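Scroll down for the structure; my scribbles are underneath it.
Throughout, read-outs are computed from the coordinates displayed, never taken from laboratory work. Predicted model, so just to flag it, every value in this text is computed and none were measured.
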Amino acid sequence: MSEETKAIRHEVKRYEEKMKKALPRVAADFERLRDSALEEGVLPVKVKELIALGMAIARQCKYCIVAHVNNALRAGASQEEIWDVCRMAILMGGGPAMAYSRFTMKAVEESEDMKFPGSASNEAGSKGQNLEQP
């Protein structure tokens, strides 16, 4: 894992607790919103995470990209599905999305959670549990 990705993950974890202390109601409300949006529904969690990843690329949010790459892989997404998401983000976001798609490829390569779709370790993620926050 690159130093940049390690730093992003560390920063998110460090400041998540600080946000909860400084803005407890906002943090709790956001957590409920995130959990509600990502629960199993008409769209499976994997599809929702892939959509969120495409939006993160188009919005140029490295924090979101790292989180949603990991969450999508945990939910059973393949590298090929993530590359398809990059194609769509580039279509919708142009040059900047192309640059952030490169970062997405890097995040996939560096993900500690990369498993083949359908593996036992992906089962918990497919239920929307233990998801990273951007």
Exercise. Any idea how far the Cα center of the range 50-75 sits from the one of the range 76-105, in Å?
Worked result: 10
Problem set entry | Length added when fully stretched, residue 83-residue 60, from 0.36 nm per residue minus Cα-Cα | 6.7 nm
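Give the shape of the range 35-92 as rounded, prolate or oblate, defined through the alpha-carbon gyration tensor: a ≥ b ≥ c are the square roots of its eigenvalues, a/c under 1.5 means rounded, and otherwise the shape is prolate if a/b is larger than b/c and oblate if not. Please report the intermediate quantities before stating the final value.
Working: a/c = 1.58, a/b = 1.39, b/c = 1.14.
Since a/c reaches 1.5 and a/b is larger than b/c, the shape of the range 35-92 is classed as prolate.
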Exercise. Which of the residue pairs 20/106; 18/48; 18/62; 6/62; 20/46 have a Cα-Cα distance greater than 23 Å in the structure shown?
Worked result: 20/106; 18/48; 20/46
